[in-house]
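Trainee: First the structure, then my questions, so here it is.
The values are calculated or read from the model by the stated rules, or taken from the named source; none is laboratory data. Being a predicted model, the structure only gives us computed values, none of them experimental. Neighbour counts are summed over all protein chains in view; Cβ atoms, including those assigned to glycine, are modelled from backbone coordinates with ideal geometry. Quick note on the areas: whole protein, heavy atoms, side chains included, nothing else; ligands and nucleic acids left out. Shrake-Rupley method; radii C 1.70, N 1.55, O 1.52, S 1.80 Å.
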Amino acid sequence: MGLLPSTVFIQPMSRFEHRPLDTGNVRPRRTAFSFPQSIPQHWLKGSPAQTHFFNAINLFVVSFEDFMGRVMRGRLVHLKDPEFQRQVRGFMGQEATHSFVHTKYLSNLRAQGYQIDGYLEVADRLFKDVFEKRLGPTLCLSIIAGFEHMTALLAEIVLSSNMLGEAEPAMAELWKWHAAEEIEHKALAFDLLKVTQPSYLLRLLGAFLGALVVAGFLNAGMVMLLRQDQQLWRRRTLKDVWALLLGKHQMAPRALGLFIKYFRPGFHPAQYDNYYLAEQVLQGQEPEREGFRTRSSLETAVPSVK
Ligand SMILES: [Fe+2]
Ligand SMILES: [Fe+2]
């Protein structure tokens, strides 16, 4: 991450730099996250299942974000528009910062006694040896674009609900910052795919494979962590998973509804306006709660990229 102007500083009591959302100038924010041992093991409502939902995302995003960085770096030299190239570099900078911060949190999981290194090794090998070597850069890019759609929709659900309202504050701030930047840069991988290979079928295949990656790693991570806690087959676990997916925030049906928007032939991420949620977080405010606005009627002009 490069040096930032001296006028930019991290606000007191905040673990990330408050800078307004700017989709035309995507770049990483400075962060000061640390994860002391005082963070409770089950930091979300004392619930192993709900905590490990986010912990499992934490486990695989580190490998996935590193994979994104490598694939997109390979595409940079082919971009003719310097402005778009700068945007893609900014996107890569944000993802590298996410990976760096989430890697810090992994040390906490190890200190809490979780055996996670085998899982991380498998994830890393899958992306390096199977995806990058066998699938090729264009299909990898299409998987990344599909994955970015999923992170943006999950970010919307997390920010528009009070899902992290009872989370340990450092963890709540970590996920809100990450979610807000996912919304800020949600169109970049899509635009890069469009200039690389605008095929509709390729986009669908990428989304399908991306969904398999997310579902596979998320489930494997949750099962692994819950088993290590000896909480896998507990009644409370099933109840908490049900509450997470189908309880008051309706995560599963909302995620499905948002996911299928991607299949519309003329879809572009910027058409769906959930930027206001990220705007609030990135300025250090609480995001707007449920009863959320869906401003999809504000179909915005799709930015042209070269
Ligand atoms: Fe990210
Ligand atoms: Fe992202």
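Trainee: Determine how large the accessible area of TYR200 is when every protein chain is in place; take a 1.4 Å probe and give Å² rounded to the nearest 10.
Mentor: Here the accessible area works out near 80 Å².
Trainee: What ³J(HN,Hα) values, in whole Hz, does the Karplus curve 6.51 cos²θ - 1.76 cosθ + 1.60 give for the stretch 261-277 when θ = phi - 60°, with x put for Gly and Pro?
Mentor: 4, 5, 8, 5, x, x, 4, 9, x, 6, 5, 9, 8, 10, 5, 4, 5
Trainee: Taking amide hydrogens as modeled 1.01 Å from N in the peptide plane, which residues meet the under 5 Å criterion relative to PHE16, leaving out close sequence neighbours?
Mentor: For PHE16, the qualifying residues are ALA32.
Trainee: Given the Cα atoms of the stretch 78-232, and with Rh set as the inverse mean 1/r over their pairs in the Kirkwood sense, what is Rg to Rh to two decimals? Each step should come with its number before you reach the end.
Mentor: Details: Rg = 16.9 Å, Rh = 17.2 Å.
With Rh from the inverse mean 1/r over Cα pairs, Rg/Rh is 0.98.
Trainee: Mind listing the phi-derived Karplus ³J(HN,Hα) values for the stretch 38-52, rounded to whole Hz, using 6.51, -1.76 and 1.60 with θ = phi - 60°, and x for any glycine or proline?
Mentor: For the stretch 38-52, the Karplus curve yields 6, 5, x, 4, 10, 7, 10, 6, x, 9, x, 5, 6, 5, 6 Hz.
Trainee: Same structure, new question: Rg to Rh for the chain: what is it, with Cα atoms only and Rh by Kirkwood? The partial results should precede the final answer.
Mentor: Values: Rg = 18.6 Å, Rh = 19.8 Å.
Using only Cα positions, Rg/Rh for the chain is 0.94.
Trainee: At 222 nm, what helix-only mean residue ellipticity would the chain give, in deg cm²/dmol to the nearest 500, using -39500 (n - 2.57) for each DSSP H run of four or more?
Mentor: -19500 deg cm²/dmol
Trainee: Same structure, new question: Ordering THR237, THR103 by how much accessible area each has at a 1.4 Å probe, largest first, what is the list?
Mentor: THR103, THR237
Trainee: On to the next question. Please return the longest stretch of the chain lacking exposed loop sites, where GluC sites (Glu not before Pro) count only if DSSP places them in a loop and at most 13 other Cβ atoms lie within 10 Å.
Mentor: With GluC sites (Glu not before Pro) excluded where exposed in loops, the chain gives 1-165 as its longest stretch.
Trainee: Let me ask something else. Using θ = phi - 60° and the Karplus curve 6.51 cos²θ - 1.76 cosθ + 1.60, what whole-Hz ³J(HN,Hα) does each residue of the stretch 132-142 get, with Gly and Pro shown as x?
Mentor: With the stated coefficients, the stretch 132-142 comes to 5, 7, 9, 8, x, x, 6, 5, 4, 5, 5 Hz.
Trainee: Output the pairs from LYS176/LYS261; LYS128/LYS194; LYS104/LYS248; LYS133/LYS176; LYS80/LYS176; LYS186/LYS248 with a Cα-Cα distance over 29 Å in this structure; if there are none, say none.
Mentor: LYS104/LYS248; LYS133/LYS176; LYS80/LYS176
Trainee: Still on this structure, please answer the following. Describe numerically, in nm with one decimal, the distance between label points set 7 Å from Cα along Cα→Cβ at LEU201 and at ALA255.
Mentor: 2.9
Trainee: Would you be so kind as to identify which of THR138, GLN115, TYR272 lies farthest towards the positive end of the dipole of the chain, taking Lys and Arg as +1 and Asp and Glu as -1 on Cβ and the Cα centre as origin?
Mentor: THR138
Trainee: Further question on the same structure: Counting other Cβ atoms within 10 Å, which trypsin sites (Lys or Arg not before Pro) in the stretch 229-265 have at most 12 and lie in a DSSP loop?
Mentor: Filter output for the stretch 229-265: LYS248.
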